[in-house]
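The values are calculated or read from the model by the stated rules, or taken from the named source; none is laboratory data. Everything quoted here is computed from the prediction, not taken from an experiment. Cβ coordinates were reconstructed from backbone atoms using ideal geometry, including for glycine residues, and neighbour counts include every protein chain displayed.
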Amino acid sequence: MEKLAINGGKRIRVRPFPARKPFGKEEIKNVTAALKSQNLFSFNGTMVRKFESDFAEYYGVKHAIMVSSGTAALHAAVAALDLEPGREIITAPVTDLGTVIGIIYQGCIPVFADWRPGTINMDPAQIEKKINKKTGAVIVVHLAGQPCDMSAIKDICRRHKLPLIEDCAQAYLAEYDGKMTGTIGHIGCFSMQQSKHLTAGEGGVTITNDDDLAERMALFRDKGWERCKEGPRRYSMLGTNYRATELTGAVALAQLKKVARVVNCRRKLGDLLGRLIKDIPGIAIPKSPAKAISSYWFYPLFITGCDMRKFAEAMAAEGVPVWPGYTGKPIYLCSEVFTKKRTFGKSGWPFTSSSYGKPIEYREGLCPVAEGALNQLVVISILENWGRKEIEDIAAAIRKVANALCV
């Protein structure tokens, strides 16, 4: 058996992996044009409006509303539903806090549906199990670009008359049954944070075919201001300032032309890695629905035959860094918003709201499948500017470490 680098053996990978460089002359051209216009305010500009039009056309939907971040996109989506305080919104246990911030700010209660065993996505059966008379909506999270089982989830939402929001922050151009994620539910939400497939450093966008939801999201991002109506200024709803600038729009507009290439490259590399490691004992590739096509924001891998952290340490010594445990714990255990009810002053609102009417605690064991899976999960980067050599080195390191450590 080949000696591991962590024990003094020869490393699989000596050269650093190429860094991602998402921006080029197209972004510079657009940003320069925006600056030369002497206006960076989107309501008087062209870049944000053009991006919204092009993004909607790209996804084949009626409306796209650009905002300042992916968190803002999800908040706008929840706000557009206009739910009463105390309603519950079912979502994923493993996600960024940005998925749940809008729920809490709207006075609603996050409820977490466990993963389906062997996957990194919500179990439709667990979603339906959590539904009660207080349930107001479902937010699915297509983690790592892997689509959820949208046929089952959409059917559940249809039968229970619940709006369905898709968190596609990590899932640009991912597909389920021939449809792009974000177009299957009532609202799709995207992030343009630096690490995303389509990046403007920050930024976000929502999409929908519902005219009323689109209008409310557009109003919400601009403080509820009905700018297009004549006469005295009128604010028709409680909103925020989640407007994007022309600089963000300029970068995003250039990125939109590149996102298909980015996803296609990652998809080819991710599929290649899967083929190279599928027969290695002690590891498992998370299952995805048969109708799903991932966009590989990262490559997830379950380490079943040895300690996940020892595996990660050995991989790093081989020159292939991986991240053990992804978030480490589900969001309800790694945020004091949930563990200590640190929300608004000392109130604990909305968890203590009389409109909710019952105590709620977020503790270990709430989603046992996800909690257990995080103790086996490692995250492997896949970037669109890598080639076959990078993937072969990753696969060789996985095989070498697994053969030495896993049983």
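Is there a residue in region 7-21 that is farther than 20 Å from Lys389 by Cβ and in contact (Cβ under 8 Å) with a residue 12 or more places away in the chain? There is no residue in region 7-21 that is farther than 20 Å from Lys389 by Cβ and in contact (Cβ under 8 Å) with a residue 12 or more places away in the chain.
Quick check on region 94-107. Is at least one of its residues assigned to a helix (DSSP H, G or I), surrounded by fewer than 22 Cβ atoms within 10 Å (Cβ to Cβ), in contact with a helix residue (DSSP H, G or I) (Cβ under 8 Å, 6 or more places away or on another chain) and aliphatic (A, V, I, L, M)?
The initial filter retains those residues of region 94-107 that are assigned to a helix (DSSP H, G or I), namely 98-105.
Next, from what is left, pick out any that are surrounded by fewer than 22 Cβ atoms within 10 Å (Cβ to Cβ): 98, 101, 104-105.
Now restrict to residues that are in contact with a helix residue (DSSP H, G or I) (Cβ under 8 Å, 6 or more places away or on another chain): 98, 101, 104-105.
Then keep just the ones that are aliphatic (A, V, I, L, M); that gives 101, 104.
Yes: one or more hits.
Of all residue pairs spaced 6 or more apart or on separate chains, those with beta-carbon atoms under 8 Å, a first member in region 205-217 that is touching a residue at least 12 places away in the same chain (Cβ under 8 Å) and assigned to a helix (DSSP H, G or I) and a second member that is among the polar types (S, T, N, Q) and buried (at least 24 other Cβ atoms within 10 Å of the Cβ) are Ala214/Thr208; Met217/Thr206; Met217/Thr208.
Only one of these is in contact with a strand residue (DSSP E or B) (Cβ under 8 Å, 6 or more places away or on another chain) and more than 18 Å from Leu198 (Cβ to Cβ): Leu35, Leu40. Name it. Steps first, please.
On the way: Leu35 fails: in contact with a strand residue (DSSP E or B) (Cβ under 8 Å, 6 or more places away or on another chain).
Matching residue, one of Leu35, Leu40: Leu40.
Comparison of Ala290, Ala314 shows that the only residue that is free of Cβ contacts under 8 Å to residues at least 40 places away in the same chain and either among the polar types (S, T, N, Q) or farther than 30 Å from Asp54 by Cβ (or both) is Ala290.
Output the residues belonging to region 346-386 that are more than 21 Å from Trp115 (Cβ to Cβ), of a type in the set (D, E, K, R) and either in contact with a helix residue (DSSP H, G or I) (Cβ under 7 Å, 6 or more places away or on another chain) or not in a loop (DSSP other than H, G, I, E, B) (or both).
Hit for region 346-386 is Glu384, nothing else.
Considering the conditions (1) within 23 Å of Pro350 (Cα to Cα); (2) out of contact with any Gly (no Cβ under 7 Å at 6 or more places or on another chain); (3) in contact (Cβ under 8 Å) with a residue 60 or more places away in the chain, Ile165 is excluded by exactly one of them, (2).
Entry remark, region 332-364: residues being in contact with a strand residue (DSSP E or B) (Cβ under 8 Å, 6 or more places away or on another chain) and not aromatic (Phe, Trp, Tyr) number 2 in total. Only one of the numbered conditions (1) over 30 Å from Thr352 (Cβ atoms); (2) modelled with pLDDT of 95 or more; (3) of a type in the set (D, E, K, R) is not met by Glu2, and that is (2).
Looking at region 188-204, which of its residues are among the small types (Gly, Ala, Ser), surrounded by 22 or more Cβ atoms within 10 Å (Cβ to Cβ) and in a loop (DSSP other than H, G, I, E, B)? Steps first, please.
Our first condition is that a residue be among the small types (Gly, Ala, Ser); within region 188-204, this holds for 188, 191, 195, 200-201, 203-204.
Now drop any that are not surrounded by 22 or more Cβ atoms within 10 Å (Cβ to Cβ), which leaves 188, 191, 200, 203-204.
Ala200, Gly203 - these are the residues of region 188-204 that are among the small types (Gly, Ala, Ser), surrounded by 22 or more Cβ atoms within 10 Å (Cβ to Cβ) and in a loop (DSSP other than H, G, I, E, B).
Check Asp82, Asp114, Asp123, Asp96 and return the single one that is in contact with a Leu (Cβ under 9 Å, 6 or more places away or on another chain) and among the acidic types (Asp, Glu). Lay out the reasoning, then the answer.
On the way: Asp82 fails: in contact with a Leu (Cβ under 9 Å, 6 or more places away or on another chain); Asp123 fails: in contact with a Leu (Cβ under 9 Å, 6 or more places away or on another chain); Asp96 fails: in contact with a Leu (Cβ under 9 Å, 6 or more places away or on another chain).
The match here is Asp114.
Would a scan of region 372-385 turn up a residue that is under 20 Å from the mean Cα position of the chain (by Cα), farther than 23 Å from Leu276 by Cα and either free of Cβ contacts under 8 Å to residues at least 12 places away in the same chain or surrounded by fewer than 18 Cβ atoms within 10 Å (Cβ to Cβ) (or both)? Taking every residue of region 372-385 in turn, none turns out to be under 20 Å from the mean Cα position of the chain (by Cα), farther than 23 Å from Leu276 by Cα and either free of Cβ contacts under 8 Å to residues at least 12 places away in the same chain or surrounded by fewer than 18 Cβ atoms within 10 Å (Cβ to Cβ) (or both).
Among helices (runs of 4 or more DSSP H) entirely within region 281-345, having at least 2 residues that are surrounded by fewer than 20 Cβ atoms within 10 Å (Cβ to Cβ) and either at positive phi or touching a Pro at 6+ places or on another chain (Cβ under 9 Å) (or both) singles out 308-317. Residues in region 44-90 that are in a strand (DSSP E or B), without any contact (Cβ under 8 Å) to a residue 60 or more places away in the chain and either of a type in the set (Gly, Ala, Ser) or buried (at least 23 other Cβ atoms within 10 Å of the Cβ) (or both): Ile89, Ile90.
Among all positions in region 260-271, there is no residue which is part of a loop (DSSP other than H, G, I, E, B), surrounded by fewer than 21 Cβ atoms within 10 Å (Cβ to Cβ) and touching a strand residue (DSSP E or B) at 6+ places or on another chain (Cβ under 8 Å).
Picking from residues in region 211-243 that are surrounded by 12 or more Cβ atoms within 10 Å (Cβ to Cβ) and small (Gly, Ala, Ser), the one that is nearest to Ala79 (Cα to Cα) is Gly239.
It is to be established whether one or more residues within region 250-259 are hydrophobic (A, V, I, L, M, F, W, C), in contact (Cβ under 8 Å) with a residue 60 or more places away in the chain, at negative phi and in contact with a His (Cβ under 6 Å, 6 or more places away or on another chain).
yes
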